[in-house]
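The values are calculated or read from the model by the stated rules, or taken from the named source; none is laboratory data. No experiment lies behind these values; they were computed from the predicted model shown. So basically every Cβ, Gly included, is an ideal-geometry build from the backbone, and we count neighbours across all protein chains shown. Just so you know, the surface numbers come from the protein's heavy atoms only, side chains and all, with ligands and any DNA or RNA stripped out. Shrake-Rupley method; radii C 1.70, N 1.55, O 1.52, S 1.80 Å.
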Amino acid sequence: MERDGAKDDSGGCEPAMTLISSGWPETQAGAAVTWREAYARVASQAPLGDTLPIAAALAGQQWPGAAMIVFELRDGVLRAHPAPGRGEALAPLLDGLPASSAPWWSGGCEPCRLQSAAEWAPSVSGPGVADPLAGLEWCWSRRILTPAGEVVGTLTAFLPLSDEPPALSPARTAGLEAAAEFAALAIEQAHFVEEITYRVRHDPVTGLWTRHHFERRFQEWRTRSARSAAAAFLLVDLDGFHRIQEILGGETADDLISAAVARLRASLRNGDFSARAGEAEFYVLLPDVAGGAELERVAARIQAELRRPFLVRGHEISLTCSIGLCPLAAGGEDRECVVRKARAALAAARQLGRGRTAVYEPSLKMVTPERLELERRLRRAPAQGELLLHYQPQVRVADRSPAGVESLLRWHDPEVGLVSPG
């Protein structure tokens, strides 16, 4: 799309702007930025803190002397991204205002007079406070819309003192529209990237981290945590969840999982990490555990919260959980070993019945890669003719006479020889 302005070296017709604010990266300070370079920032997925000030600066070319700010709408609040110049001083005073209370939010693309500072910048107004709007008299604002019509912010100019409202010529209007379109593109792309990133890292049903993201964050935590810090890892499994899912259906099961996770998170301390590791299985990392007593209190809270009945889609559902708990020694094992230990503890908890917690001990058997390989070869043994039938005589103790025989099935593995029954 062509814009009115000075030609660049390539022969195109692109207006250049000079960035003189110390807030810009050093490589851009004092450099001319063209529309092509501005769109290249968007193509490279530069952060909004970089791209939106460019949009404001491009718009500011239309009104020299104006304080030009792009406001991004996020969760009902306006975030200010000013162009270099006076807008940088004004933006912090207006940043964070709710859109509903910002007078320029409903601007209709026609300049209007600024009213009192109390109305336009309430967070900084008061006795003895300098008027942040001193020297400014007019405001022009245009809502920033995506192609789908979603309002994502405003392009706003605060203009100097003048008896008459600043004129909006066709050329000026076209320049402002182009800057607003650029801002809309930057905001829409940034929000899309944020949404995709969130979906990759978070479970869609519960909002918890995914297993893969948790594992990466766990390794990061182990790398930066103090080697003297004690911690614990919990593997929490909802007892009988699959049966509930089969009887009541997937939607009810999802609602139940969401309700259970809300209680799980409420049971944890600030700073604890949690993730959904499976359909009804959750990872929990408790950093900086003071001792075994605190660990038991956290596990007891989780058990108590999940034991209370749930009311989901008209069904009252009773639920319990089994917890495998693995204390983490300072500078301890890697993630895979920790998970295997917690899973061994979880298996021990299940053997005790529903709604129980077990702590890992060295005496618990873990499923190791070697054990999995042994099981794989054993499943193959019958077809390979590796199982042998042995007979062991039974003898009477009194007179040592034969009383019978005991038949035993033994496995002769070609790699390790005769395998012990143990």
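Checking region 220-239 against the condition returns no match, with no residue being open to solvent by 10 Å² or more (accessible area, probe 1.4 Å), touching a residue at least 40 places away in the same chain (Cβ under 8 Å) and over 26 Å from Glu336 (Cα atoms).
For region 284-336, give me each residue that is among the charged types (D, E, K, R), in a helix (DSSP H, G or I) and touching a Ser or Thr at 6+ places or on another chain (Cβ under 7 Å). The answer is Arg301, Glu305, Arg307. Applying a threshold of 7 Å to beta carbon distances and a minimum spacing of six or more residues, or different chains, the list of pairs starting in region 308-337 at a residue that is over 16 Å from Leu234 (Cα atoms) and ending at one that is at pLDDT below 90 and exposed (fewer than 11 other Cβ atoms within 10 Å of the Cβ) reads Ala330/Arg227; Ala330/Ser228; Gly331/Arg227.
If I filter region 102-124 down to residues being assigned to a loop (DSSP other than H, G, I, E, B), touching a Pro at 6+ places or on another chain (Cβ under 9 Å) and among the aliphatic types (A, V, I, L, M), which single residue comes out as modelled with the lowest pLDDT? The qualifying residue modelled with the lowest pLDDT is Ala121. Name the single residue, out of those in region 192-209 being over 9 Å from the mean Cα position of the chain (by Cα) and among the β-branched types (Val, Ile, Thr), that is most open to solvent (accessible area, probe 1.4 Å). So, considering only residues that are over 9 Å from the mean Cα position of the chain (by Cα) and among the β-branched types (Val, Ile, Thr), the one most open to solvent (accessible area, probe 1.4 Å) is Ile196.
If you go through region 145-191 and keep only what is within 15 Å of Cys109 (Cβ to Cβ), touching a strand residue (DSSP E or B) at 6+ places or on another chain (Cβ under 7 Å) and open to solvent by 60 Å² or more (accessible area, probe 1.4 Å), you end up with Leu145, Pro165. As a summary of the residue check, Asp254 satisfies the conditions (1) among the charged types (D, E, K, R); (2) closer than 17 Å to Leu311 by Cβ; (3) buried (at least 17 other Cβ atoms within 10 Å of the Cβ) except for the one numbered (3). Restricting attention to region 266-294 and to residues that are open to solvent by 30 Å² or more (accessible area, probe 1.4 Å) and of a type in the set (A, V, I, L, M), the residue that is modelled with the highest pLDDT turns out to be Ala266.
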